[in-house]
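In what follows, a single structure is set out as structure tokens and then discussed.
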Amino acid sequence: MAEVAYVPPAWRERLETRGLAPLRSTGVRYWAWIGFLLVIIAWAVFEYATQLNNGLIVTGMRDRISWGIYIISFVFFIGISHAGTLLSAILRVTKARWQMSVTRMAEFITVVALMVGALFPLIDMGRVDRVLELFQYGRWQSPLMWDILAITTYLTGSSLYLYLPIIPDFALARDRLGPAAPRWRRVFYQVAALGWRGTPEQRKLLDRAMTTMMIVIIPVAVSVHTVVSWIFAMTLRVAFNSSVFGPFFVAGAIFSGIAAIIILMAVLRKLLHLEEWITRTQFLYLGYMLAAFTLIMAYFNLQELVVTGYKMEAGQTFHFAELMTGPFMPLYAYYWIGGMIVPGLIMLYPRTRTIAGITFAAVLVLVAMWIERFLIVVPGFRVPLMAYGARNYFPTLVEWSILAGAVALFMLIISVFAKIFPIISIWEVVEHRGPEPDAAAEPRRVRPTIRPELRPQLTAAGTTTTEGVQP
């Protein structure tokens with residue numbers, strides 16, 4: 001653990017009060033929001049029951065286009081999950097300080113996105129009993145089985161990696177909420193804190209466990225989306241015939257995950273009044289990462305176009321025409337313009353490099369990355385394998401409803417989480433950062449802050465002490 005820097009008591013009190021405020025009280029608007037999400041989820045469950053009763057015929061999928069919105073959304077949610085834990089682990093390993101106030105949001109996105117994304121292959125199977133058959137008769141030669149193993153491992157590791165840094169904040173909630181809190185909350189925090197008292201031995205053990213998980217979770221995260229890409233790359237389809245789908249999917253996952261973190265950060269910052277601790281610094285640095293990945297994604301896309309376009313194998317001409325001059329041209333144009341060019345330009349110009357501008361860029365990227373998954377799946381399956389015409393695919397009301405329910409479930413879990421767990425890692429912000437000016441703002445001269453207990457010695461030694469300007 002890092003040595004605790006001098007933190008003004010008033011600043012720490014504000015941080016703890018604001019960080020624990022959502023745990024203390026719940027307003028009417030919150031319950032209205034929860035009710036709205038539950039209505040959407042209930043409608044999705046009803047439509048899923050319709051699918052169970054009638055079969056996959058109620059969807060737009062047929063034998064020629066057998067993957068649709070379910071697999072598209074599966075890849076999308078699994079992709080979002082990568083930036084959370086992976087980004088947090090990389091930044092922790094590199095000892096970046098600016099990200100301490102948003103690490104918990106990022107890590108929680110991973111767990112929730114994995115939980116929601118893992119539902120889509122089960123929904124896509126059509127019948128629930130096929131899940132048991134997958135475990136009983138599944139073949140380990142199948143990339144689908146590799147995917148199940150990889151996602152299960154990643155979900156387990158990410159949940160543990162999320163839980164470890166919350167232990168000190170569970171103890172803080174246990175000690176601060178007091179008897180005014182409901183009994184179930186007091187019991188929950190008491191048990192979840194695992195007897196944390198902040199002793200040197202406990203700190204040493206926690207530091208060792210977090211360091212171990214940081215190192216382990218990075219290769220696991222990379223392997224998961226690589227395995228997801230193999231489901232496509234190892235399928236005998238012209239559009240999926242690529243040996244770079246692994247790094248391409250990993251880069252796309254991080255790209256969409258960073259956008260999801262920025263959006264969630266902006267929403268929670270506004271709703272929970274966290275402006276003092278989630279500043280322009282976090283938005284700017286994540287925006288720089290978003291801009292860097294626009295270049296990486298452009299590189300991978302151009303590489304695919306040049307290599308496959310140069311060879312122009314059988315079926316590739318049809319696939320290119322579908323994307324560039326055919327029915328998918330508007331979506332493909334938005335993917336390039338809205339997903340890479342415009343976000344890059346927003347980060348290029350200082351006038352648009354604001355919190356609002358970066359959040360807008362993140363929204364464009366998130367929409368574009370869902371469209372990218374759509375463009376991989378549907379046009380890829382439209383390429384004829386035999387002498388027949390290409391079939392069309394458009395999701396039905398059942399598919400759209402289930403997707404809306406999945407998004408609502410994602411938001412519901414996050415909303416409940418924000419009322420049970422401190423959304424900011426309070427102890428890490430105090431220990432590793434403390435109060436500081438916005439690093440992304442214009443630099444200003446600040447006189448050094450001297451710890452109060454050192455002032456008598458420094459004064460006696462003839463040193464002039466002055467108070468630094470606190471943000």
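Sort through LEU290, LEU284 and tell me the only one that's within 22 Å of ALA362 (Cα to Cα) and crowded, with 21+ Cβ neighbours inside 10 Å.
One residue alone meets the criteria, LEU290.
Quick one: is MET386 on the phi < 0 side of the Ramachandran plot, of a type in the set (A, V, I, L, M) and not in a helix (DSSP H, G or I)?
Yes, satisfied.
Restricting to the stretch 258-305, what's the tally of residues that are farther than 21 Å from GLU16 by Cα and without any contact (Cβ under 8 Å) to a residue 24 or more places away in the chain?
Going through the stretch 258-305 one residue at a time, the tally reaches 4.
Taking the stretch 174-203, which residues are touching a residue at least 40 places away in the same chain (Cβ under 8 Å) and within 29 Å of the chain's Cα centre (by Cα)?
Step one: of the stretch 174-203, the residues touching a residue at least 40 places away in the same chain (Cβ under 8 Å) are 176-177, 180-181, 185, 188, 203.
Hits for the stretch 174-203 are ARG185, PHE188, ARG203.
Out of curiosity, is VAL131 outside any loop (DSSP other than H, G, I, E, B), β-branched (Val, Ile, Thr) and exposed (fewer than 15 other Cβ atoms within 10 Å of the Cβ)?
Judged against the criteria, VAL131 is a match.
Working only within the stretch 314-367, note down all residues that are of a type in the set (S, T, N, Q) and without any contact (Cβ under 8 Å) to a residue 12 or more places away in the chain.
Residues satisfying the conditions are THR317, THR325, THR352.
Going through the stretch 382-395 one residue at a time, which ones are surrounded by fewer than 18 Cβ atoms within 10 Å (Cβ to Cβ) and closer than 13 Å to ILE69 by Cα? Spell out how you get there, then give the answer.
Just the residues of the stretch 382-395 that are surrounded by fewer than 18 Cβ atoms within 10 Å (Cβ to Cβ), to begin with: 384-392, 394.
Within the stretch 382-395, just PHE394 meets the criteria.
What pairs come up if the first residue lies in the stretch 147-160 and is free of Cβ contacts under 8 Å to residues at least 40 places away in the same chain, the second is surrounded by fewer than 21 Cβ atoms within 10 Å (Cβ to Cβ) and of a type outside the set (Val, Ile, Thr), and their beta carbons are under 7 Å apart, counting only those six or more places apart or on different chains?
From the stretch 147-160, no pairs qualify.
Just to be sure, is PRO379 in a helix (DSSP H, G or I) and surrounded by fewer than 17 Cβ atoms within 10 Å (Cβ to Cβ)? Let's see the steps before the verdict.
On the way: in a helix (DSSP H, G or I): yes; surrounded by fewer than 17 Cβ atoms within 10 Å (Cβ to Cβ): no.
Taking the combined requirement at face value, the residue does not satisfy it.
Hey, does the stretch 150-169 have a residue that's charged (D, E, K, R), more than 27 Å from the chain's Cα centre (by Cα), within 21 Å of PHE417 (Cα to Cα) and crowded, with 16+ Cβ neighbours inside 10 Å?
Scanning the stretch 150-169 turns up no residue that is charged (D, E, K, R), more than 27 Å from the chain's Cα centre (by Cα), within 21 Å of PHE417 (Cα to Cα) and crowded, with 16+ Cβ neighbours inside 10 Å.
Among the residues in the stretch 329-345, are any hydroxyl-bearing (Ser, Thr, Tyr), within 21 Å of VAL307 (Cα to Cα) and either over 22 Å from the mean Cα position of the chain (by Cα) or modelled with pLDDT under 90 (or both)?
First, pick out the residues of the stretch 329-345 that are hydroxyl-bearing (Ser, Thr, Tyr): 332, 334-335.
Subsequent filtering for residues that are within 21 Å of VAL307 (Cα to Cα) retains 332, 335.
When the remaining residues are screened for being either over 22 Å from the mean Cα position of the chain (by Cα) or modelled with pLDDT under 90 (or both), the result is 332.
So far as the stretch 329-345 goes, yes, one or more of its residues are hydroxyl-bearing (Ser, Thr, Tyr), within 21 Å of VAL307 (Cα to Cα) and either over 22 Å from the mean Cα position of the chain (by Cα) or modelled with pLDDT under 90 (or both).
Okay, residues lined up against (1) outside any helix (DSSP H, G or I); (2) within 24 Å of the chain's Cα centre (by Cα); (3) under 14 Å from LEU403 (Cβ atoms); (4) not polar (S, T, N, Q):
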| site | (1), (2), (3), (4) |
| --- | --- |
| THR26 | yes, no, no, no |
| TRP31 | no, no, no, yes |
| PHE36 | no, yes, no, yes |
| ALA42 | no, no, no, yes |
| GLN51 | no, no, yes, no |
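Out of the stretch 235-258, which residues are surrounded by 21 or more Cβ atoms within 10 Å (Cβ to Cβ) and touching a Phe, Trp or Tyr at 6+ places or on another chain (Cβ under 9 Å)?
Correct list: ALA239, PHE245, PHE248, PHE249, GLY252, ILE254, PHE255, SER256, ILE258.
The values are calculated or read from the model by the stated rules, or taken from the named source; none is laboratory data. Given the structure is predicted, the values throughout are model-derived calculations rather than measurements. A quick note on method: Cβ atoms are made from the backbone with ideal geometry, for glycine too, and the neighbour counts reach across all protein chains shown.
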